[in-house]
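Just below is one structure, and these are the notes that go with it.
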Amino acid sequence: MARITDTHPSDWRYVSEGGATVVFSYIGDNDFQFNNTVLRLRKKALIHDGKPTEDPIIEFQRRCTSRLIPLVHLPRLDIALLDKEWLESFVALHDSARPEDRRAKDSIDVTSQMAVLATDLVGGDWIAVEIKPKWAFLPSPKYLSPETDSVKTKTCRFCMHSRVRGSRGEAQAVGYCPLDLFSGEEGRMRCAISNLWDAWMASDGAINNLKIFVRGILIRPSEARSMCKDDSRSISQTKDVREAFISALVPLLLGTPVLRTISHLQRTLDALDIEGLSKLCRDAEHDAAVLSEPTINDWDEFVSEYLSSKTSNLEPDIHVLRYHLLAYLLSATFKDCSLIIRLNHLDSESGNGVQLDRVSVIDLDKKSMTRIKQWERLDREIVEDYMKLGYQKICVE
């Protein structure tokens, strides 16, 4: 276990954050424990029974997700020990670097005894592109209601949701369709990345599906030229940066098995859609054991069952509801994950050879059983609001 308290709070620099953790990269003096690492600090307290043991994020990767996605595509995760005095100094120094809207909602938990020390995928002398690809498939009509069938089997979940949110004035990647990115077809993948880039530019970097880091710093569209090689003269305008960016990124995405793996996991884990799953839940709503929060041992056993051939065609039945619930939760993890793709600095004449370890999967945190009803309500609201817009996009698998 690394002792983060051996470092000074100023040895770390704010990178980004999500709903549960805040990420900082190590920029201190050369130290083999911390070089090329990032620190993930929780916003909520970990529940400890006595002294700190293995962090839930680390344990979930070790016992579950690393059995579904090869380790070469996952960051290395280690436990880092903390203390309250060090954390309070850390927060005092760094909290102002966090976005104002985030600071208004939550704060770093200074009572945490542990954090996660992970591979720094965005720092270093390269470009790191973070893509949140989202849902890779259209649901089977088998378990859909007559009211939603004609919509959900033609328009993907992401396109419906982004169109609805866009109609409310929210910054969204409206032109981007995940099915294009997951298609494995070069032309459609170029279209997906082009639409992400255009939405990134139009929103001044505010969309959640594309982030770009240069030498560890999150950049805005006005800084797009910082992605170019220092001696590159052939990329002089933003449109040239756009083309060089797409041309560098697409071959890496075509060459990696990561997108195919995520697509397969999403599809096979979410066989019933939230509609079919919710119907089963209502039939068993008084069965506390079935609806209880899964332990890490439950997750371990579930992955073993999922990987066996016995579960490949399980029909919806109340007797296997527990299996379908855990499957849906894990599918949600893969629907919400992000990819980090590392690129050389851009040059119109340089190539970016396909290296599989350049594509990593992050944000693979487990989801809570308490969110099932929330997801059911959200799904219904998205479909209803989308239908009111009087427009239907056709998404192609």
Q) Considering only residues of the stretch 96-112 that are of a type outside the set (Lys, Arg) and open to solvent by 70 Å² or more (accessible area, probe 1.4 Å), which is nearest to residue 5 (Cα to Cα)? A) 111
Q. Using beta carbons and a limit of 6 Å, which pairs, at least six apart or on different chains, have the first residue in the stretch 165-179 and in contact (Cβ under 8 Å) with a residue 12 or more places away in the chain and the second one surrounded by 17 or more Cβ atoms within 10 Å (Cβ to Cβ) and charged (D, E, K, R)?
A. 178/134
Q. For residue 329, which of the numbered conditions (1) modelled with pLDDT under 95; (2) surrounded by 12 or more Cβ atoms within 10 Å (Cβ to Cβ); (3) more than 30 Å from residue 237 (Cα to Cα) fails to hold?
A. (1)
Q. If you take the residues of the stretch 276-315 that are open to solvent by 40 Å² or more (accessible area, probe 1.4 Å) and closer than 21 Å to residue 148 by Cβ, which of them is modelled with the highest pLDDT?
A. 279
Q) Which of the residues spanning the stretch 239-253 are open to solvent by 60 Å² or more (accessible area, probe 1.4 Å) and either in contact with a helix residue (DSSP H, G or I) (Cβ under 6 Å, 6 or more places away or on another chain) or at pLDDT 95 or above (or both)? A) 242
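This table checks each residue for (1) more than 20 Å from residue 247 (Cβ to Cβ); (2) not β-branched (Val, Ile, Thr).
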| position | (1), (2) |
| --- | --- |
| 122 | yes, no |
| 130 | no, yes |
| 134 | yes, yes |
| 157 | yes, yes |
| 163 | yes, yes |
| 178 | yes, yes |
| 226 | no, yes |
Q: Test residue 361 against the stated conditions and say whether it is out of contact with any Asp or Glu (no Cβ under 7 Å at 6 or more places or on another chain), under 25 Å from residue 67 (Cβ atoms), surrounded by 17 or more Cβ atoms within 10 Å (Cβ to Cβ) and at pLDDT 95 or above.
A: yes
Q.
It is to be established whether one or more residues within the stretch 64-80 are modelled with pLDDT of 90 or more and touching a Phe, Trp or Tyr at 6+ places or on another chain (Cβ under 7 Å).
A. yes
(Q) So for the stretch 189-199 (the condition being within 26 Å of residue 23 (Cα to Cα) and open to solvent by 70 Å² or more (accessible area, probe 1.4 Å)), does at least one residue qualify? (A) no
Q. Before we move on, is residue 207 in contact with a helix residue (DSSP H, G or I) (Cβ under 8 Å, 6 or more places away or on another chain), open to solvent by less than 60 Å² (accessible area, probe 1.4 Å) and not in a helix (DSSP H, G or I)?
A. yes
Q | Residues of the stretch 1-36 that turn out to be surrounded by 14 or more Cβ atoms within 10 Å (Cβ to Cβ), of a type in the set (Gly, Ala, Ser) and not in a loop (DSSP other than H, G, I, E, B), as a count | A | 3
Q) If you go through the stretch 151-163 one residue at a time, do you hit one that is under 25 Å from residue 358 (Cβ atoms), at pLDDT 95 or above and not aromatic (Phe, Trp, Tyr)? A) no
Q: Determine the pairs where a residue that is of a type in the set (Phe, Trp, Tyr), located within the stretch 7-31, has a partner that is part of a strand (DSSP E or B) and open to solvent by 20 Å² or more (accessible area, probe 1.4 Å) with Cβ atoms under 9 Å apart, the partner being 6 or more residues away or on another chain.
A: 12/26; 14/23; 24/13; 24/14; 24/40; 26/13
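The values are calculated or read from the model by the stated rules, or taken from the named source; none is laboratory data. Since the structure is predicted, the reported quantities are computational estimates derived from the model, not experimental observations. Don't worry about glycine lacking a Cβ; one is built from the backbone with ideal geometry, like all the others, and counts go over all protein chains shown. Ligands, DNA and RNA are stripped out before the accessible areas are found, and what is left, the full protein with its side chains, is counted by its heavy atoms. Shrake-Rupley method; radii C 1.70, N 1.55, O 1.52, S 1.80 Å.
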